[in-house]
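Contents: one structure, followed by commentary.
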Ligand code: EPU
């Protein structure tokens, strides 16, 4: 167990480079299973969720060659297994992508239910609806999701809720199915487009990714490819908010500014200056932010994965801000930790009312999930004095070299062993 010690109150200054997108990487790696040849993936983020998904590929029989910390070659041709036990699926949601990928490759999949951040109920009914539309029979048996088909056949699937996971899983199952699959009301997140581009680079025939209708014409084979993952929208957004929240001036490099428009718009509304370049954005800010209301929505709306960071920033705004969570039922658990640091936030279901305070104060806190952890790092950078954050393994799931990147921007942040973290977690 490790914790972060942050001596906060210093504006972030300088340049930071953004890593590859976690949520693209954890979809692209299972997709490799559908290939008949070796795939080389570049700009892979070096984070624990990616390590966990690569481990599943390895356990299933793939040959893995690590070229360097951000490049890997995976040869899936020897994969024989189509069952994944719970010790491999319980830590991350994206393990459910192996259902679509294994159905696409073997016409059968058997996996323990996926874990991941706890935001209340996280059903997979829309994934199942898609698999069934393609002709699979899906049952839950002995605590395992079991999906099998004689042969998958393209079909129309209308998603009742816009779901990133269901859109990805149905694409994976459909890409080698017979005939045309149409996903209506599909998710439009950048990582959906990245997955489609990756699959197309292997010879798939996918059109419309990034719109709400995706058409997938099934192909018989997919070949090996070399592919570079897009920059991480949420990592970039987190550094943007950290720069604004500390009254800093930071150039955030290796980004796709188009993916950051909703975040930039809200930061500007709160009084920060965002300058957009071809592959970079600069965020500058001084003084307290202005109050600002935010509602999270599927892309291109304001991303739910930036909600805790934005709430933290607005906790010191001049006035009252309202944050409405439009994606998850229960994504305000971290607010108790911000309250310990002096924030004044009332949560009622999916709405948080933030009465801005003048400053946050340092306190011992713990990360309840990945983005909550990122938000507490921002809170620690804002609060003058020593903040300790426990349970940082959540943060390591999605942020490559966060201590090094923040230190490069002038933050005082250290990672240390936390012998009592396990104890504290058990007690909670
Ligand atoms: N939903 C259903 N039925 C389903 C699937 C989803 O009702 O079958 C509901 C969910 O309960 C939720 C909404 O639809 O209310 C959206 O869920 P979605 O399926 O889009 O989420 P996900 O695929 O499980 C991904 C990201 C999350 C991110 C959400 C929303 C990955 C691995 N995870 O989750 O990212 O919050 O999309 O954008 O891509 C993170 O990176 O920190 C993270 C949690």
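Read-outs: derived from the displayed coordinates by stated rules, not from any lab. Just so it is clear, the structure is predicted and the values come from calculations on it, not from any experiment. Reconstructed Cβ throughout: ideal geometry from the backbone, glycine too, with neighbour counts over all protein chains shown.
Given the -39500 (n - 2.57) contribution per DSSP H run of 4+ residues, what per-residue ellipticity at 222 nm results for the chain, rounded to the nearest 500 deg cm²/dmol?
On the way: 15 runs with 136 residues, N = 428.
Calculated from helices alone, the mean residue ellipticity at 222 nm is -9000 deg cm²/dmol.
Which percent of the Cα-Cα distances in region 7-128 go past 21 Å? Please report the intermediate quantities before stating the final value.
Working: 3095 of 7381 pairs.
Counting pairs separated by more than 21 Å, the tail of P(r) holds 42 percent.
If one takes the longest principal axis of the Cα atoms in the chain, at what angle in degrees, from 0 to 90 and to the nearest 10, does the Cα axis of helix 370-382 lie?
Taking the Cα atoms of the chain, the angle to 370-382 is about 20 degrees.
At what distance in angstrom do the alpha carbon centres of region 140-154 and region 276-354 lie from each other?
Cα centroid to Cα centroid, the span is 40 Å.
Tell me, 99, 230, 389 in order of fewest to most beta-carbon neighbours within 10 Å? Don't skip to the answer; put the middle values down first.
On the way: 99 29, 230 22, 389 26.
Fewest-to-most ranking of 99, 230, 389: 230, 389, 99.
Rounding to the nearest 10 and keeping the result within 0 to 90°, find how far the Cα-based axis of helix 190-201 lies from the longest principal axis of the chain.
So the helix axis and the longest Cα principal axis differ by about 30 degrees.
Among 416, 263, rank each residue by its count of other Cβ atoms within 10 Å, from fewest to most, as a rough exposure measure.
Values: 416 11, 263 25.
Least crowded to most crowded, the residues run 416, 263.
Cα atoms only: what Rg and Dmax, in Å, come out for the chain?
Here Rg and the maximum Cα pair distance are 21.4, 63 Å.
Give the percent of DSSP beta bridges with both residues in the chain that are antiparallel, rounded to the nearest 5. Before the final figure, lay out each step's value.
Values: 54 of 76 bridges.
Antiparallel bridges make up about 70 percent of those DSSP assigns within the chain.
Once you order the gyration tensor axes a ≥ b ≥ c over the Cα atoms, which shape class does region 22-228 get: rounded for a/c under 1.5, otherwise prolate or oblate by comparing a/b with b/c?
Numbers: a/c = 1.31, a/b = 1.14, b/c = 1.16.
Because its axes are fairly even, with a/c under 1.5, region 22-228 counts as rounded.
Take the alpha carbon gyration tensor of region 82-191, find the square roots of its eigenvalues, order them as a ≥ b ≥ c, and report rounded if a/c is under 1.5; if not, report prolate when a/b exceeds b/c, else oblate.
Taking the square roots of the gyration eigenvalues as a ≥ b ≥ c, region 82-191 is oblate.
So if R0 is 22 Å, what FRET efficiency would residue 226 and residue 15 give, r being the distance between their Cβ atoms, rounded to the nearest 0.05?
0.20
Nearest 10 degrees, 0 to 90: what angle lies between the long axis of helix 97-106 and the longest principal axis of the chain (Cα atoms)?
10
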